[in-house]
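Laboratory data are not the source of any read-out in this text; all were calculated from the coordinates shown. All of these numbers come straight from a predicted model, not from anything done at the bench. Glycine gets a Cβ as well: all are built from the backbone with ideal geometry, and neighbour counts include every protein chain shown.
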């Protein structure tokens, strides 16, 4: 998990650097940087299945023997990893439920023709919905709203917003995810404004249409998973930008495709990165004391192994770090796929008094034999 968070932070930081470098570029390009970084965060957990290169340091082994139980084991204390996992799951579940509620609310608003602002909605069959009072708008104002919302659909902003919402739900504790998601929405609106002007609409008239719609827009559109013409994200800066007289620049599809390809390459590199242990891994002897177990969790039998009456040893190789945690756990002598996993999961939660060299804790490679015996 820590390695994944490091990779996510590295990818998000790359997105931030790209935004800084592209500050004079088009909103469409900056929007794509944000989408690529947030999409990469969602893909990185799956990329963990890819093979990675690791460095193995040959050392002497330390033997320890543990007896497993045929009954589910338990720990005397609730490990802090479990508490963090529960906290993460609660936050992610809340945000995912809020997202589902938002989609349900939009569907109800659209089906009942109850929208109060122009809105693009629908992931698979997107459409533009106007409020009932749009019949009273002048033609130019209604046309501006339709062009803006159609730009969201053509740019696939509804799908991009889903990516951002999922990233915020999964990594709700990470400030960079929220920052990039907010930045993405701001650049998204500016890019749609550019698309409207590039379609031939007068900039001053379009700015007037935005202001007219915003005056009658409610302030309760937060958390609605659709694209609204008058989102409050950078609204004032959008008006100023439309009225400053600067020509609207365009980023070609080929350039945007090249950016997406480059980010895919960066994602692959980050996914294949394997942390190299900074601390030296020592051998037993030559003044290095033996690590000792100070807290352990008993391994559990799987139902299949219990039914098949499988018993015997699982030999694990690991490094007992200076932090007293088990690192780089691998199965040296397997017994059963399910029991191999259970043994590694249990040892991963153990706490050790680390080996000591010259009064300082050091990393030591050890071999632990987990014996599964049916009682």
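Quick one: go through the range 112-128 and flag any residue whose amide nitrogen is under 18 Å from the point 7 Å out along the Cα-to-Cβ line of residue 154. Under cut-off, by backbone N: 119-121, 126-128.
Sorting the segments 37-46, 20-29 by their mean number of nearby beta carbons within 10 angstrom, highest to lowest, gives 37-46, 20-29. Extending 7 Å from the Cα toward the beta-carbon at both residue 341 and residue 289 defines two label points whose distance is 3.8 nm.
Gain in length, residue 86 to residue 125, computed as 0.36 nm per residue apart minus the alpha-carbon separation, to one decimal in nm? Please list the in-between numbers first.
Working: separation 39, 0.36 × 39 = 14.04 nm, distance 3.61 nm.
Working it through step by step, the gained length comes to 10.4 nm.
Of the peptides 108-121, 248-261, the ranking by mean beta-carbon count within 10 Å, highest at the top, reads 108-121, 248-261. Taking label positions 7 Å along the Cα-Cβ direction at both residue 104 and residue 46, the computed distance is 2.7 nm, reported to one decimal. Relative to the current alpha-carbon distance between residue 112 and residue 236, full extension at 0.36 nm per residue lengthens the span by 41.5 nm. Among the listed values [x] 125; [y] 134; [z] 183, the one computed from these coordinates for volume of the Cα convex hull per residue in Å³ is [z].
Relative to the longest principal axis of the Cα atoms of the chain, helix 139-154 runs at roughly 20 degrees. Calculated [222 nm] ellipticity per residue, helices only, for the chain: -16500 deg cm²/dmol; basis is -39500 (n - 2.57) per DSSP H run with n ≥ 4, divided by all residues, nearest 500. Which residues does the label zone of residue 205 cover in the range 137-177, counting backbone N under 17 Å from a point 7 Å along Cα→Cβ? Within reach of a label on residue 205: 137-149.
Taking Cα centroids, how far is the range 332-375 from the range 173-194 in Å? Their Cα centres are 45 Å away from one another.
Between residue 3 and residue 329, the modelled labels are 1.3 nm apart [label points 7 Å from Cα along Cα→Cβ].
Entry note, the chain: relative contact order of 26 percent, from Cα contacts under 8 Å with a spacing of 6+ residues.
Which FRET efficiency, nearest 0.05, do residue 246 and residue 216 yield, Cβ-Cβ r, R0 30 Å? Intermediate values should be presented prior to the final figure.
On the way: r = 29 Å, r/R0 = 0.95.
Efficiency for this residue pair is about 0.55.
Can you tell me the orientation of helix 337-348 relative to the chain, as the angle in degrees between its alpha-carbon axis and the longest Cα principal axis, to the nearest 10? It is inclined by approximately 90 degrees.
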